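All of the numbers you see were taken from the coordinates with simple rules; none came from a lab. It should be emphasised that the depicted structure is a prediction, and the values quoted were computed from it without experimental measurement. With ideal geometry, Cβ positions are generated from the backbone for all residues, glycine too; neighbour counts draw on all protein chains shown.
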Amino acid sequence: MKNILVLLVFLPILSFSQIKVNYKADTGNNFSIVGKNEVATILYDSSENILIQKVAEFLASDIEKVSGKVLKVDCSNDLLDKSLIIIGTVNNNPLINKLVAEHKLKADELKGQWERFIIQTIKNPFPGVKQAIVIVGSDRRGAAYGVFTLSKNMGVSPWYWWADVPVEKHDEIYLEACNYLSKSPAVQYRGIFINDEAPAFRNWAKEKFGGINHTCYEKVYELLLRNKANYLWPAMWLPSMFYVDDPLNAKTADEYGIVISTSHHEPLTRAHNEWAYNKGGEWNYNTNKKRLQEFWRGGVERIANYETVLTVGMRGDGDEGLSEESAVGLLQTIIKDQREIITSVTGKPANEIPQVWAIYKEVQDYYDKGMRVDDDIMVLFSDDNWGNLRYLPKKEDLHRPGGYGMYYHFEYVGAPVSYKWLNVSQIERTWEQMKLTYEHGVKKLWIVNVGDIKPMELPMSFFLDYAWDPDAIQAHNLPDYYINWAKQQFGSKYAKEIAKLISGFTQYNARRTPEMLNAQTYSIENYREADRVVDDYNQLLKESSSVYKELPEHYKSAYYQLVQSPIELCANLNEMYVAAGKNRYYSLRGAASANYYADKVKELFEKDAVLTKKYHALEGGKWNHMMSQTHIGYTFWNHPPLNTMPAVSYVQLAKTAELGYLLEYGLTPKWGWLGLEGEWSFNKKLPVFDPVNNQNYYIDIINRGQDILSYTLKGKEDWIILSEESGSTRYNHKVYVSIDWDKIPKEVTSGEIVISGAGKSYTVVVPVNNNIASMSGFIENNGVIAFEATHFTRKYDSKDIHWTVVPNLGRTGSSLIVEPTTAEPQTVGKNTPRVEYEFSTFEAGEITIETYLSPNQDFKKMGGLKYAIAIDDEEPQIINVNEGEIIPDYKFGDWWQKSVADHIKIRKSKHNMATAGKHILKIWMIDSGLVFQKFVIDAGGLKKSYLGPDESKKKE
């Protein structure tokens, strides 16, 4: 007999915390699902929708996964055992009706509601029945969500099949007495788009199911229901045709309660490929109107009585825009004619059939110019394919009965470079953008492009949880979401450690998509950036591998898929590109290390393929083909046919060792020499040291020959500290220099280090600044001050507006926003919300402040999102974050490509400081919707990098 223990399983969102499952019958308050000597019977009524039968069978299967016991599932109302689980919908199940009539169950609040449910325990519900657990829905999906809520609380993850998350075994299962009434979902339709699904999803489905057919889709539909979703845009890349490939696809979707619609360029259920498949001719409404209308009529006819939302409108063939000359007028005519087709086929007024018009790419231009559709048609806005909202409705437009939706992206094939391979979406960014969406009244439909589904498990879970109940997840709840999600997949023991890992790798991946990485992305020379990126990933991998080793064996497959693999793959990929950068760096300087890093690049490139094969081997090859998108060697927006190793160079070296050196932040020489003697040119001075920052800087000893180089370093002054004074290297080795400030005289301004080896000797100057006045706040370091936006000295909220820290949002830390997100624009004044940062400079003069912001677009369409900035008491400058961001058409411009590639916008302002010493940076809120990540002050020493300088030291 296994040990019986109490375990409370909580959902990753707070609204279900009242439902508690345990595994020990220690009180009379527990209702038996599987007891010591009996098991419950699951009852449903045969007259109900087939989904009720399906979820009854799923519940029995889930209980068996936990307990090993097989529960009877029956539709006979005469079969009454001691313990019952009754599943049904309000007014449609005789047993439930009887309980309502006898006032043992109150279901009035479910009537006429959308997807709500009650889970209630009842003692002695019927004669001879000791107890019952009743799961009743306001409709079929409400009942299904109630069932899967119970399953989730029993420990069956929604990802039990899709990520092989194990189910913990228990001999007994009990539900504590409850009477739980769910909310209706905040967003009516919530779903995913399986898009850009070749080669991974398509080849996987072909191997495992014979194609993207109804047996494949059954797994998708179940996953959606378990995540409380109800909506799907099915796979549509050529040659996929949902309704044609398998006639059972749509029928099965309806049986699962999943609403099937089609994407922004597939009107009236017609998949893109169907037009060519049916040999329709020219895709042109002006010249081929009759054939197109027949085509669309057939699309409406085949949906029968299935629950659907019909996409209206038209884009150019192949997901392109219509011709500009007649687009608006033509599109209005097309939609009018499509609605006449809908009325003709269904026999109902068009306004009684749900429809959606997608405002995507060039259609946004038509909308901006004033094009509108009938009020009963849902208007579906979209992001810019990179997670940045393009438009949100104004208050005066929220009256439309058709409402608004949002199409969001976790993957995309298109400019500037496609991103399909791994999850690069932070849930914090999704939270911030979808919070804007929800609070601006977009609540009818949320749909997200998830590519192949795997490896988007985490962001997909979050997106759908947040769509169900945005109020339950505020900024301060985001760290707990990771913990609860990890707990749900891997149990409690390592949940906090795993949460740290998954929040870490999603932040790192979101700095720049893997497909956009190259040898020049991260600086080899400045702020130790490239090494820091590699160290970040490798430290994460070390910690993840430690957890992986300690986890029980049955968790390891799921852990590898959800945590270890993405960390391992991206750690390897980033190290490969940094190695390619170092190969270039050292080859230009004639160093033997160039050849070492050339070999390293090849080694890491080959390792990428090995790691992919390791993923494919999991679960006996269950996930073969997933994760197979090419991701190395992009030179264009579309993926290359094969992964291509970054270019590397080898250098020819002298046989004997030759001493060289490079200084941190020095103007390091490239290949070449000065003077008639052929002497190499080296920088002679390290950056300035000061006692406040207490820096260390490196001297990179480089070997320019094939033999081993032996070298020595000697400080001429005793206050110069070297990490080592001698050594040998075949390639290069960094020696770190620091200062013993207790020994250095106040009047001294410099010292010297002598570097010797291979018959050469060089002298390096060590400059110091030991006469620094009192300072506070963030301290200048060689002409630069940097600090995270959330590390303010003071903040000032107003009565109705406050600053909010969003943990982990951004490239290097957390971020700062204002709430509510619908706050009206403010004029700078005494009571305007602001934040202040203390900093100190060594000298007076002009500075430039770089404000790092998330790449939000001008979704308000009111002339750009603005903030105000000032130093000390100077007049505030108004900065328009979107100034110059003209979008002449849907293809955007260079500004957009840079902001989405870098995942940041940097806005500069110039300021004059009359004195050295302490100053105050002030930031005023003008518009809501901005996300402040970081501030960098250039006092004359800022150097080029991708992430910007590390945060400066702070002195209180």
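Quick one: grab Rg to one decimal and Dmax as a whole number for segment 328-398, Cα atoms only, in Å.
13.5, 41
How high is the FRET efficiency between residue 91 and residue 898 when r is their beta carbon distance and R₀ equals 41 Å, given to the nearest 0.05?
After rounding to 0.05, the efficiency reads 0.10.
With 22 Å as the cut-off, how large is the P(r) tail for segment 659-767, expressed as percent of Cα-Cα pairs?
Here the long-distance tail beyond 22 Å is 31 percent of all Cα pairs in segment 659-767.
Using alpha carbons only, how many angstrom separate the centre of segment 567-582 from the centre of segment 239-298?
Distance between centres, Cα-based: 43 Å.
If the cut-off is 15 Å between C-alpha atoms, which aspartates and glutamates fall inside it for residue 183, apart from same-chain ones fewer than 8 positions away?
108, 109, 115, 139, 465, 469, 471
Highest first, please rank the peptides 287-293, 602-608, 271-277, 240-246 by the mean number of other Cβ atoms sitting within 10 Å of their residues.
Sorting 287-293, 602-608, 271-277, 240-246 by mean packing, highest first, produces 240-246, 271-277, 602-608, 287-293.
For q = 0.11, 0.16, 0.19 Å⁻¹, what log10 I(q)/I(0) does segment 14-181 give under the Debye formula with an equal point scatterer on each alpha carbon and no solvent?
Ignoring solvent entirely, the Cα scatterers give -0.39, -0.87, -1.28.
On average over all directions, what projected area in square nanometres does the chain have, based on the convex hull of its Cα atoms?
Hull-based average projected area comes out at 45.3 nm².
In whole Å, what three semi-axes, largest first, describe the equivalent ellipsoid of segment 733-875 built from its Cα gyration tensor (square root of 5 times each eigenvalue)?
Its equivalent ellipsoid spans semi-axes of 44, 19, 14 Å.
For the residues 903, 103, what sequence is obtained by ranking on other C-beta atoms within 10 Å, fewest first?
Least to most surrounded, the residues fall as 103, 903.
Got a sec? How would 645, 862 order by Cβ neighbour count within 10 Å, fewest to most?
Fewest-to-most Cβ neighbours within 10 Å comes out as 862, 645.
Which one of 350, 310, 563 has its Cα pushed farthest toward the positive end of the charge dipole of the chain, where Lys and Arg give +1 and Asp and Glu give -1 at the Cβ?
Working it through, the farthest residue towards the positive pole turns out to be 563.
Treat segment 60-144 as a sphere of radius equal to its Kirkwood radius over Cα pairs and apply Stokes-Einstein at 37 °C in a medium of 0.692 mPa s; give the translational diffusion coefficient in µm²/s, rounded to a whole number.
The Stokes-Einstein estimate is 245 µm²/s.
Output ³J(HN,Hα) for segment 794-801: one whole-Hz value per residue in order, computed from phi by the Karplus curve 6.51 cos²θ - 1.76 cosθ + 1.60 with θ = phi - 60°, and x for Gly and Pro.
Taking θ as phi minus 60°, the curve returns 8, 9, 10, 9, 9, 4, 10, 10 Hz for segment 794-801.
GluC sites (Glu not before Pro) within segment 288-397: which are DSSP loop residues with at most 11 other Cβ atoms inside 10 Å?
324, 325
Please give the net charge around residue 570, taking every other residue with its beta carbon less than 13 angstrom from that of residue 570, where Lys and Arg add +1 and Asp and Glu add -1.
So the surrounding residues net to -2.
Amide H of residue 709: which non-local residues (sequence gap of 5 or more, or other chain) have their own amide H closer than 5 Å, using H built in the peptide plane?
It is 729, 730, by chain and number.
Within the set of other residues whose C-beta is less than 9 Å from the C-beta of residue 75, count the net charge using Lys and Arg as +1 and Asp and Glu as -1.
Counting the neighbours of residue 75, the net charge comes to -3.
Taking the Cα-to-Cβ direction at residue 238 and at residue 914 and moving 7 Å from each Cα, how far apart do the two end points lie in nm?
Rounded to a tenth, the inter-label distance reads 6.9 nm.
Rounded to the nearest 0.05, what FRET efficiency is calculated for residue 647 and residue 743 with R0 set to 60 Å and r the Cβ-Cβ distance?
That pair, residue 647 with residue 743, gives E of 0.80.
Could you pull out the pairs from 799/953; 206/613; 487/542 whose alpha carbons sit more than 30 Å apart here?
Over 30 Å Cα-Cα: 799/953.
Just to compare against my own numbers: the Cα pair-distance distribution for segment 199-310, 10 Å bins, whole % per bin, please.
14, 44, 31, 10, 1
Pick out, from 95, 114, 125, the residue whose Cα sits farthest towards the positive end of the charge dipole of segment 14-181, with +1 on the Cβ of Lys and Arg and -1 on the Cβ of Asp and Glu.
After comparing all options, I get 125.
For the chain, what does -39500 (n - 2.57) per DSSP helix run (n ≥ 4), summed and divided by total residues, give at 222 nm, in deg cm²/dmol to the nearest 500?
That calculation yields -8500 deg cm²/dmol at 222 nm.
In nm, to one decimal, how far is the modelled label at residue 186 from the one at residue 654, with both set 7 Å along Cα→Cβ?
Between residue 186 and residue 654, the simple spin-label model gives 6.9 nm.
What list of ³J(HN,Hα) values in whole Hz, one per residue of segment 470-476 in order, does the Karplus curve 6.51 cos²θ - 1.76 cosθ + 1.60 (θ = phi - 60°) give from phi, with Gly and Pro shown as x?
x, 5, 7, 10, 9, 3, 6
So what's the net charge close to residue 820: Lys and Arg +1, Asp and Glu -1, counting the other residues with Cβ under 15 Å from its Cβ?
Cβ neighbours under 15 Å give a net charge of -4.
Tell me, how many Å apart are the Cα centres for segment 101-144 and for segment 435-452?
Cα centres, segment 101-144 to segment 435-452: 31 Å.
Under a point spin-label approximation (7 Å from Cα along Cα-to-Cβ), what is the residue 178-residue 343 distance to one decimal in nm?
Computed distance between label sites residue 178 and residue 343 equals 4.8 nm.
Considering only DSSP beta bridges with both partners in the chain, what is the antiparallel share in %, to the nearest 5?
Expressed as a percentage, antiparallel bridges in the chain total about 70.
Would you mind checking which residues have amide H under 5 Å from residue 317's amide H? H placed 1.01 Å from N; only 5 or more apart, or other chain.
Excluding prolines and chain starts, which carry no amide H, there are no hits.
Can you give the FRET efficiency to the nearest 0.05 for residue 944 and residue 750, using r as the Cβ-Cβ distance and R₀ = 30 Å?
Efficiency, from the Cβ-Cβ distance: 0.65.
Short version: ³J(HN,Hα) in whole Hz for each residue of segment 842-859, in order, from phi by Karplus 6.51 cos²θ - 1.76 cosθ + 1.60 (θ = phi - 60°), x for Gly and Pro, what are they?
Each residue of segment 842-859 in turn: 7, 9, 7, x, 7, 10, 10, 9, 9, 9, 8, 10, 4, x, 5, 8, 7, 6 Hz.
How many times 2.2 N^0.38 Å is the alpha carbon radius of gyration of segment 777-955?
1.01
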